[in-house]
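J.: Have a look at this one.
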Amino acid sequence: MNAPVTVAEVEEFRAEVRAWLAENVPADPLPPWTERAGFDLHRAWEGRLFEGGYAAVDWPTEYGGRDAGLRRSIAFAEEYYRAGAPERINMGGLYLLGPVLMQYGTPEQCARWIPDLLACRTIWCQGFSEPGSGSDLASLRTRAERDGDHYVVNGQKIWTSMGGFADWIFALVRTDPEAGRKRKHDGITFLCIDLRSPGVEVRPLAMVDGTRGFAEVFFTDVRVPVENVVGEVDRGWAVAMSTLGFERGAVFGDHAKFAGDVADLAALVDARALGDDTHALDELGRVLVQTEVYRANVYRLAARAEAGGELDSTASINKVFWTQMQHDIFDTGIRLLAEDGAVVGDPGSLPDADPATLRAWSQWHHRYWYARAAMIFGGTNEIQRNIISERVLGLPMEPRR
């Protein structure tokens, strides 16, 4: 465990990051990554981050990171969001698969996948959800049967984020159906699959707003080398739970993103001349307090982690809090401004707003619906509350049929 850095060291690093971002962040926002042209520009940005040494500052140096430690990693995230830098597009690789490979992968797997992942030469997506297997992930039906040095995969994954743009997918597959009949969490394996393999079909899913950020993925007799298994065969559930823990937990520094959302809401309130409206100010203050509570919690967890404390029990708590908070921010904007007569997303509702505020307003509906989705993906908040009550608080288990 590294010794905590000093405040002066954190601020020195923060100044370095701020200067680099000021010089490199695109002057105009990039087009949405949900279309190919926008995705390619985001991918080029990721390459620039890598060349600058900022692709994953929290990673160990042996894997290409800077071993910056939690305090400096938080400072980087804060400056990244405050600079209005582009949305990261390889989060499945950087924040989910990367840490899993460091924990469960072989040296050969780490050497094979991590460098390209870090440089964004390879885009990864997550293949967990299936039709009929949402919150009950262990009921998955995608099969992988051993055939010599390969597994033959058949099945379907759905709601695969960035599936239409990804090169590889890390998926859960059932390798021992008999074990699964006795205990459904057994007989599952964590398998990495090249999406360019014969028998893979990716179908982008068009959302109601026209974006194509999701896809469904079909596997028909897809041959996958045995060496692509991460962790132990038939014991992939433990690997999956580590992945979901990274997804649900606090990404150190993401409080700055939510603070930016509240700043956008404040600008919208001001653009509608509601700065003296006590109801609007109360609502704005309420969501601001939530983001400050979350920021304090991020720093509290960082201090615990630096002291060697475990964070496993906090993942579900964080997931419920940040997703509800995010939803409240965008729901508050829609309620407040609609009550005032503004048409959500219509620039004519904000005739005197600056370009940044108009941009935020034009995306408000989309961001609202994404916030609703966040309470479902990664394990629904209803399921997370069960986990908190049973595994964290020790309350009686919910009756199961």
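J.: May I ask which residue of Ala374, Ile317, Val222 lies farthest towards the positive end of the charge dipole of the chain, with charges of +1 (Lys, Arg) and -1 (Asp, Glu) on Cβ and the Cα centre as origin?
T.: Ranked along the dipole, the leading option is Val222.
J.: Segment 56-132 to segment 338-401: how many Å between their Cα centroids?
T.: Using only Cα atoms to place each centre, the spacing works out to 25 Å.
J.: Continuing with this model, one more query. Name the lysines eligible as straight-distance cross-link partners of Lys184: C-alpha to C-alpha under 29 Å, and not fewer than 8 places from it in the same chain.
T.: Qualifying lysines at Cα under 29 Å: Lys157, Lys319.
J.: Taking every eigenvalue of the Cα gyration tensor of segment 163-318, multiplying by 5 and rooting it, what semi-axes result, largest first, whole Å?
T.: Each semi-axis is the square root of five times an eigenvalue, giving 41, 24, 13 Å.
J.: Reachable aspartates and glutamates from Lys257, Cα under 17 Å, same-chain residues fewer than 8 places away excluded?
T.: Excluding near neighbours in sequence, the set is Glu78, Glu79, Glu87, Glu247, Glu292, Asp328, Asp331.
J.: For segment 213-304, which GluC sites (Glu not before Pro) pass both filters: DSSP loop (anything but H, G, I, E, B) and at most 16 other C-beta atoms within 10 Å?
T.: Glu232
J.: Okay, next question. Output needed for segment 107-189: three equivalent-ellipsoid semi-axes, defined as square roots of 5 times the C-alpha gyration tensor eigenvalues, in descending order, whole Å.
T.: In descending order, the three semi-axes are 25, 17, 11 Å.
J.: When the Cα atoms of segment 298-384 are enclosed in a convex hull and the volume is divided per residue, what value in Å³ results?
T.: 115 Å³
J.: Please list, in order along segment 39-49, the HN-Hα scalar couplings obtained from phi with the Karplus expression 6.51 cos²θ - 1.76 cosθ + 1.60 (θ = phi - 60°), rounded to whole Hz, x for Gly and Pro.
T.: Working through the residues one at a time gives 4, 4, 5, 5, 5, 5, 4, 4, x, 5, 4 Hz.
J.: Sticking with this structure for a sec: For a quick check of your reading of the filter: which trypsin sites (Lys or Arg not before Pro) in segment 145-225 sit in a DSSP loop and have no more than 13 other Cβ atoms within 10 Å?
T.: In loop regions of segment 145-225 (DSSP not H, G, I, E or B), the sparsely surrounded trypsin sites (Lys or Arg not before Pro) are Arg183, Arg196.
J.: With a 1.4 Å probe and every protein chain left in place, work out the accessible area per residue of the chain in Å², rounded to a whole number.
T.: Accessible area per residue: 48 Å².
J.: How large a share of the accessible area of the chain, in percent, is made up of carbon and sulfur atoms when the probe is 1.4 Å and the other protein chains stay in place?
T.: That fraction is 53 percent.
J.: Run the quick spin-label model on Arg203 and Arg141: label points 7 Å from Cα toward the beta carbon, then report their separation in nm to one decimal.
T.: 1.5 nm
J.: Rounded to whole Å and sorted largest first, what semi-axes of the equivalent ellipsoid does the C-alpha gyration tensor of segment 3-121 yield via the square root of 5 times each eigenvalue?
T.: Semi-axis lengths for segment 3-121 are 23, 22, 10 Å.
J.: Work out, step by step, the length gained on full extension between Ala119 and Ser389: first 0.36 nm times the residue separation, then minus their alpha carbon distance; give nm to one decimal.
T.: Difference between extended and current length: 93.2 nm.
The values are calculated or read from the model by the stated rules, or taken from the named source; none is laboratory data. These numbers come from a predicted model, not from an experiment. All Cβ positions, even for glycine, are placed from backbone atoms using ideal geometry, and neighbour counts span all protein chains on display. Note: areas computed on protein heavy atoms with side chains; ligands, DNA, RNA excluded. Shrake-Rupley method; radii C 1.70, N 1.55, O 1.52, S 1.80 Å.
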